[in-house]
Each structure stands twice: as C-alpha cells, then as structure tokens.
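This report concerns only the one structure given below.
Derivation of every value follows stated rules applied to the coordinates shown; laboratory data play no part. Because the structure is a prediction, the values reported are computed rather than measured.
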Amino acid sequence: MMNRDHFARKIPAYFDGTLTERERTELESFVGTNREFAEYFKLKQAEYNNLKNSIPHFQFSTEAQTQMEGELKEVIDNLFHTESSNVIEKFSSWVKEKL
Amino acid sequence: MIESVRKKDLFTLIQPLLPKCHSLAMSLLPDDLQAQQLIVDSFTQCLLKEKSLWLDRDWDESDKKDQLHLRRLMLKSWIKVMVHLGMRRATQLQIRYEGVEHREFYHLDASTRVVAWLKYDQGWNISEIESTLGLKKFEVIEKVHNSRFILTGGLKRSQELQG
C-alpha cells in the first residue's frame, strides 16, 4: 500500500520531469483524492516555481551587447578570411605542382 | 559577394543568442570581462570545431526557413564549448564567490550551476541537457537534485532573514 510519504518523496522528481508516465499518473491521482496532501503539493509547487528566482539574472546592457556583436563580427570576418587564404594557398600549391 | 552573404547570415543567426550566452557565461564566471572573453573564445572554437557546418556552408533559402532549427543547433554547440572552457577557467582563475550575489548558486560547482541554469532558468528537459553537455542521464538528474536541494535551502534562509 503506497502511503503519503511514498508520494511526498516523488514530488521533486515530478517537477523535475524525471518520473515515469505511470508514477506521474499515480501521484496526480493521489493529489486529486487527498485534500491535505493536495495542500502540501501546492506548497512544494510554489517552492519549485521560486527556484527560478535563485538563479541570477544578468543585465546585458545595450552598450555591452553592441561591443560583443562587434567582437563576434570580427571573429566571423577573420575566420572567413583565413578560409579564403587557405583556398588561395591550396590553389597556388596545386598550380606549382602542375607546373 | 557570396562570402559577405555567408558572413551576414551567420551573424543574423547568432545575434539573438547573445543575451542567453551572456547569462550562461556569467553563471560560469561572475566577472563581466571574463564572461565576455569566454563568449568570444567559445564562439571561435565552436565555428572551428564544426567548420563544415558553419563556415563552408552555402546559405540558401531553405536555411532561412529553417533558421530556428539552425539557431538551436548553434546554441547547443556553443553552450557545449562554453561550458568546457568556462569550467576550466573557473578552476584556473580561482574566482572568489564570497562577495557576489546569489551565494548559494555560486557555491554549486560549475557544472551543477550550468545544469541548474539550463533546467530552472531556461526550462530545458533532462534529455536535452544530457545530449548538449555530453553527460549521462543519472549525472544530470543528480545535479538537478543537488542544485534544487541547495537552492531551496538558500531561498528558505533568505526568506527567514527577511521575515
């Protein structure tokens, strides 16, 4: 017989999305039929939703973003430039070989 | 001409990813300059690692239609390299996390921080995290559980202090 503690232990995994379909359904039906447990479940849900607040949110200023974009454009330019140079080098050495 | 189109297409593809990458970089290294350097270095490595996919590609109309898929693919490759480099740098730089905000978050080890960020901030599921970071399923689940335990503990403590 599965009791309250059994389902209480499953709650974190339920919110993490790591329960099997069957375990999920069992937990949901226990929540649906047990009012006191449903209250506890809601509490845990709020706790889980709050987790997002404990992850830092960093402001990416327009200035920093513009600077970063400039640097990444430069990376792309340089890599394409290197690529083109390599093609020319390969072609020249092929021509030399043939001559 | 073709080259400039390719450059432009590649940049258009990555531009919307920048705020996300900045957030991840700051999660790994809570220092603006280090984080910015990490973004640039990981982007360079990511392009070089999959040269045929990003640099030798002839961008055509179908790529434009499929931009969301390509952008997701780029984000995953970029994250993978950034995490690899960032974890190494976090160890080498021996950054002190005492003074920084979100102490509980920075007390998690770097790879657990990344998993927590992907799971709780970005809403990724376990299998996406597993495939992107190259971790085993049980490792991801363990990190998710550990981070939840520590972060909810931190939340409770800060609520108690406020109350």
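Take the Cα coordinates of the range B:23-93, assign each an equal point scatterer, and use the Debye formula without solvent to give log10 I(q)/I(0) at q = 0.18, 0.26 Å⁻¹. So the normalised log intensities are -0.71, -1.11.
Spelling out what I want: for every residue of the range A:28-38, take phi, set θ = phi - 60°, compute 6.51 cos²θ - 1.76 cosθ + 1.60 (Karplus), and round to whole Hz; glycine and proline get x. Whole-Hz 3J(HN,Hα) from phi for the range A:28-38: 4, 6, 5, 4, x, 10, 10, 4, 5, 5, 4. Here is the P(r) of the range A:4-54: all C-alpha pair distances, binned every 5 Å from 0, give 5, 20, 32, 25, 12, 5, 1 in whole percents.
Which entries of B:Lys65/B:Lys137; B:Lys8/B:Lys51; B:Lys49/B:Lys143; A:Lys42/B:Lys20 have Cα-Cα distances beyond 21 Å here? Mind dumping the intermediate values first?
Numbers: B:Lys65/B:Lys137 33 Å; B:Lys8/B:Lys51 16 Å; B:Lys49/B:Lys143 27 Å; A:Lys42/B:Lys20 30 Å.
The answer is B:Lys65/B:Lys137; B:Lys49/B:Lys143; A:Lys42/B:Lys20.
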